[in-house]
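**Q** Below are the C-alpha cells for one structure; questions will follow.
Values in this text are rule-based calculations from the coordinates and carry no lab data. If you're wondering where the values come from, they're calculated on a predicted model, not measured in any experiment. No Cβ is skipped: glycine too gets one built from the backbone with ideal geometry, and neighbour counts run over all protein chains shown.
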Amino acid sequence: MLFLLPVRGEAENECVPALTRFAVVPTAILAVCVACAEWAGAAAPQERAAQSASRPKPIPPPDARVDINHATVDELLKVPGMTPSWAGRIVRFRPYRSKQDLVEHGVLPSDVYDRIKDYVIAHRGEQ
C-alpha cells in the first residue's frame, strides 16, 4: 500500500498535517511487528537445543526390554512415560500375544502406547 503525503502548504485546511501524523503511526507499528518477527525467529534455535536436551532415553535392545506378560507394576514403572494407572491396567488385562494387543484390546490409548512401545516386549510362556 502506498501512502502519498502532500507537502505542507498544498492543503487548504488543517487536515493534511493530521493525516501526515496518522500515517506515521501505522508505519511505526509495522516496524515493531517486523522487529518482533525477526526476534522470534532468532529464538527458535535456542528452543530446538532445549528440546534436543530433553529427548527420551535411547531404545534398549530387545533382551533388556520390560516383558508386559511377566513384569510387576514396579518393573513397568521403570519404563519412560509409564504411570501407575497404566502399569496397573497392563497387569490386570494379561496375557498378551504381542505388545500391539495393548492398543487392540483397549488397555492403553494409542498415544500412551507410542510412548512406551520401544521399551516393552511381550514374551509368551513362562520366564
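**Q** Starting from the Cα gyration tensor of the stretch 62-121, multiply each eigenvalue by 5, take the square root, and state the resulting semi-axes largest first in whole Å.
**A** That gives 14, 12, 12 Å for the three semi-axes.
**Q** Moving to a separate point now. If the only charges are +1 at each Lys and Arg Cβ and -1 at each Asp and Glu Cβ, what is the size of the charge dipole of the stretch 62-121 around the Cα centre, to the nearest 20 debye?
**A** So the magnitude is around 140 debye.
**Q** For a quick check: with amide H placed at 1.01 Å from N, whose amide H comes under 5 Å from Ile121's, ignoring anything fewer than 5 positions away on the same chain?
**A** Val66, Asp67, Ile68
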